[in-house]
Amino acid sequence: MKKSILETEFCVIGGGLSGLAAAVTAARKGVKTVLVHDRPMLGGNASSEIRMWVCGSREFLETGFVEELRLENFAVNPHANYSVWDMVLYGKAVSEPNLTLLLNTSCLDAKMENDRIVSIDAWQLTTYTRFEIRADYFADCSGDSILAEPTGAEYRVGHEERAEFNESIAPEKADRKTMGMSCLMQVREMTEPQKFTPPKWANKYLSDDDLPCRAHELDVWQNFWWLELGGEDDSIHDTEKIREELLKVALGVWDHIKNHGDHKADNWTLDWIGFLPGKRESRRYVGDHLLNQHDVESGGRFDDVVAYGGWTMDDHHPGGFRYRGEPTIFHPAPCDFGIPYRSLYSRNIANLWFAGRNISVTHVALSSTRVMATCACMGEAVGTAASFAVKHRISPRQVGVQYIHELQQELLWNDCYLPQFKMEEPPLSQRASLSTSCGNGELLRASTIRGEAGCWQGNKEDWAEYCFTEAETVQEINIVFDSDLAERIKSVKRLNMRANIPLEREMLEVPETLAKQFSVTAEDEQGKTVTLFETASNHQRLIRIAPQGKFRKIRLTLQDGTPRSVVAFRVR
C-alpha cells in the first residue's frame, strides 16, 4: 500500500459547493490548500450524481463565488448538460495553483493534540494510496460532519425539544429524526411514444391515490424532490439500505406516470436516475452560536454576519414518502437573514471551521440554511476567514474577535452580499479623483454593491478613470457589472440547471445586461499608457485585476455597441 504525507496550511474535507467555495477562495488568497472529496466529481448534491437544484434566497440572488459558477455555466453549457456542469466545478479547483485536489478520497480518521486537529488520514480508492494530511487549519464541509466523532467536536442530531429555544416549529420532545434523502430522476421528451417496462423489484403504484399529496405532472419545475426516505432511520449508517428502497420507489413512480393513468407522458422517457442519495440532514456541529428559529425570523441581525439565507424554513416530514400527508411545510422566513460567523466554527475544537448543511444551527433553522447557494456563501466566508487566520496565526474564533470587520469588508469587496452591511470605499479610491465621459461617476464607488442605488451607464468608448495626485501602488482593481439579478430571480434562470428536458426548452445564456467588451488601461510612472486587461467575450459579473505596480491613472473603457451598466469600479 502506498503512503503519502501532505503538509499544507488549510485542509477542506468535502467538495460540495460549500467546500469548493471554501477551498478556491482560500487558495486565491494565497493559502496553501488541500481539498479532499470522496466522489469522482465535485459539487455534492449539485453534481451529476445527484442533480439537486442550487437553490438559495427567494428574492436576492447570491453573488460572489456562487454567481461566478452560474455565469460560467451559462457561458459554456447552454444545453444544461450535467457532465459539462461537473467540468465547470472541476475547472475552478484545478485552475488554482495553491490548491491540491484529491478526488475519490475519503477521510478516515483524525489525530489530535489537546483541542487542535494535527492531521487527518485519508484513503484514495483509485490509487490505493493512504494519505496523511497535516494542516494548520481544517474545514469540514462534508455535510455529514465526518470529523465530529474522531475529534470529539460537539455536534447534534435530530430535533431539539420545543422548550430549549422556544421554537414553535420544533416538536415538544427532542428526537433523532431528520429530514430524509432523495434519489432523483430526470426525464426527457421525445418526438414519438416511448415505452417503459419497470424491473420486477420496483414498487407498484396503480392509482393516484397511492401518491397522495405528491404532484407528479411533468413540467420544468418537477425534479421529484419528494422521492424521500431516511428521516426515521440513521441518515448516515443506513444510507445503503435507504438507497435500495428509494430506487424501488422512484422506478415505481415512473411506472405509475407512464403506465397507470393519463399523465400526458407518452412521449417521455426516463433519461437518468440517481444511485447516490442526496442528503438534507445528518450531524450538525455546535459553534459559539446555535442559529435558531427566532434568529431566522428576526432577520439574523448579528454584528458578525458573513453570509445570508433567504429560503423558507422548508421542514420535510421525517417519514418522507411513507408519510401520506404533505411532504413538507414551508414555514415563512424573511428573504434575507444574516448568518453569523460564530455559527461556522467549532465551540471546542480550536482550528475547525464548517460550512454547508452541518453548521451550528437547530433543526428548525437548518430547514432554511441547508440549500446549496446559501451553503456556498458560507464556504466563501470560511475560505476568506482562513486567509486571515493563516496570515495572523490565530484561531477561527480569534478571527471573529479581532478581524470581523475586515473579514466582512473583504467579502463585500469580492461582491458578496451581507444584509445590512455596506462596503467602505478603499483608501486608495478615496484619495483619487474619479472622472467619467458621461453620467454620475460617483455611483461607481457608492456603498452598495448590487446596484440598488443605481449604476453608472456608458455606451461604446465611454470611460471612467481614477487619477492620483502622484503615482500610487495599485494591488487590485475591482469591477462589478450588471448581471440582471433582479430579473433572473423571477424565472427558472435563477437555477443553474434544469430538472426535466422537454423538446422545446429555453437555453442557458449569459445575461444580456453584462458588458462583453471592455478594457482597463493605466498610465505608469513614466507617463506611458499600458493595457492591464482587455476582452471581447466577458461573461462574468466580477472582474478582478491584480496589476501590482505604481500608476498615475487607471481607466475602464466600455466597448460594447449598446449601453452597459457598471455597478462598481474600485481600486485598492
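Look at the stretch 23-64 and say how many of its residues are assigned to a helix (DSSP H, G or I) and within 14 Å of the chain's Cα centre (by Cα).
Final tally of qualifying residues: 7.
Restricting attention to the stretch 503-514, does a residue exist that is of a type in the set (S, T, N, Q) and within 25 Å of T557 (Cβ to Cβ)?
Step one: of the stretch 503-514, the residues of a type in the set (S, T, N, Q) are 513.
Pick out the ones that are also within 25 Å of T557 (Cβ to Cβ) and you get 513.
There is at least one residue in the stretch 503-514 that is of a type in the set (S, T, N, Q) and within 25 Å of T557 (Cβ to Cβ).
Tell me which residues, restricted to the stretch 340-356, are assigned to a strand (DSSP E or B) and either at positive phi or within 14 Å of the chain's Cα centre (by Cα) (or both).
Result: F354, single match.
Only one of these is in contact with a helix residue (DSSP H, G or I) (Cβ under 8 Å, 6 or more places away or on another chain), at pLDDT below 95 and more than 25 Å from T151 (Cβ to Cβ): W268, W221, W226. Name it.
The match here is W221.
Quick grid of which residues meet (1) more than 21 Å from M52 (Cα to Cα); (2) assigned to a helix (DSSP H, G or I):
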position: G325; (1), (2): yes, no
position: P334; (1), (2): yes, no
position: N358; (1), (2): no, no
position: C375; (1), (2): no, yes
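Kindly indicate the residue of the stretch 260-288 that is within 20 Å of the chain's Cα centre (by Cα) and among the charged types (D, E, K, R) and also farthest from I359 (Cα to Cα) among those meeting that condition.
Across the stretch 260-288, the extreme among qualifying residues is K279.
Those residues that are under 26 Å from I13 (Cβ atoms) and in a helix (DSSP H, G or I), I need them from the stretch 403-427; list them, please.
Hits for the stretch 403-427 are I404, L407, Q408, E410, L411.
The values are calculated or read from the model by the stated rules, or taken from the named source; none is laboratory data. Please read these numbers as outputs of a predicted model, since none were measured by experiment. Counting neighbours? That spans all protein chains shown, and the Cβs are built from the backbone with ideal geometry, glycine included.
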